Amino acid sequence: MAREVLLGVVIGAQGLKGEVKVKTFTQSPDKFGAYGPLHTKDGKSFRATFVREAKDGAVVALEGVNDRNAAEALKGAELFVPRAALPKEDVDEFYHADLIGLRAEDTEGRAMGTVRALHNFGAGDVIELARDDGDEVFLPFTREVAREIDIDGGRIVIAAPEEVEAGEKGSVE
């Protein structure tokens with residue numbers, strides 16, 4: 001099955017003509033419609049015919065959504081594109097979707113779990129690891145913690161928090 005990437009979530013209707021407000025997860029909100037047809041998990045397909053940047057993301061006109069009632073019915077809908085629709089990333093860049101499912105190892109090669117998600121609660125990116133025992137671990141997603149990302153090899157090397165703290169104690173900024 002092709003990998004899917006979440007580009008945005010409909011957060012409400014905008015106006016009377018069927019436009020929707022979308023919280024976008026694209027680098028630039030005005031690029032929201034640039035990756036081809038969008039779809040929901042339940043199989044509905046849409047094409048963005050108009051996108052304009054707004055305070056909390058973008059205002060989007062979707063083909064086939066022609067009135068406020070149809071727009072309101074989409075509230076909460078997650079809009080996806082196939083991973084293959086996104087542009088090739090530069091060296092040292094990656095999409096969060098490419099990290100999901102990677103095997104997490106510590107710097108000694110010991111299993112730490114699997115990458116479940118990446119979050120941003122307002123103070124920076126956080127990586128969530130699902131441990132084999134069912135527990136989860138949340139760590140800052142920084143270069144100090146995520147030492148190596150090997151998407152082709154299916155793994156990410158994580159510095160244990162003690163290693164990060166030991167390295168920071170000797171540095172003065």
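The values are calculated or read from the model by the stated rules, or taken from the named source; none is laboratory data. The model shown is predicted, which means the values in this text are computed figures rather than measured ones. Every residue, glycine as well, gets a Cβ built from its backbone with ideal geometry; the counts of neighbours run over all protein chains shown.
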Would you say V137 is at pLDDT below 85 and either in a loop (DSSP other than H, G, I, E, B) or surrounded by 12 or more Cβ atoms within 10 Å (Cβ to Cβ) (or both)? no
Condition first: among the β-branched types (V, I, T) and within 19 Å of R83 (Cα to Cα). Now tell me which residues in the stretch 1-43 satisfy that. V5, V9, T24, T26, T40
Select the strands (runs of 3 or more DSSP E) contained entirely in the stretch 1-97, then report the ones holding at least 1 residues which are under 25 Å from H119 (Cα atoms) and among the polar types (S, T, N, Q). 19-24
Take the stretch 101-133 and flag every residue that is of a type outside the set (K, R) and part of a loop (DSSP other than H, G, I, E, B). G101, L102, T107, E108, G109, F121, G122, A123, G124, D132, D133
List the number of the failed condition for K169; all other conditions in (1) more than 11 Å from M112 (Cβ to Cβ); (2) at pLDDT 90 or above; (3) of a type in the set (K, R) hold. (2)
Starting from residues that are of a type in the set (A, V, I, L, M, F, W, C) and free of Cβ contacts under 8 Å to residues at least 60 places away in the same chain, keep the ones in the stretch 86-106 and report whichever is nearest to A160 (Cα to Cα). A104
Select from the stretch 50-77 the residues that are without any contact (Cβ under 8 Å) to a residue 24 or more places away in the chain and more than 14 Å from V22 (Cα to Cα) and list them in ascending order. E63, G64, N69
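Conditions tested, residue by residue: (1) within 16 Å of the chain's Cα centre (by Cα); (2) among the small types (G, A, S); (3) surrounded by 13 or more Cβ atoms within 10 Å (Cβ to Cβ).
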site: Q14; (1), (2), (3): no, no, yes
site: V20; (1), (2), (3): no, no, yes
site: F25; (1), (2), (3): yes, no, yes
site: F32; (1), (2), (3): yes, no, yes
site: Y35; (1), (2), (3): yes, no, yes
site: L38; (1), (2), (3): yes, no, yes
site: G43; (1), (2), (3): no, yes, no
site: F46; (1), (2), (3): no, no, yes
site: V51; (1), (2), (3): no, no, yes
Out of the stretch 96-118, which residues are on the phi < 0 side of the Ramachandran plot, of a type outside the set (A, V, I, L, M, F, W, C) and either touching a helix residue (DSSP H, G or I) at 6+ places or on another chain (Cβ under 6 Å) or surrounded by fewer than 14 Cβ atoms within 10 Å (Cβ to Cβ) (or both)? T107, E108, R110
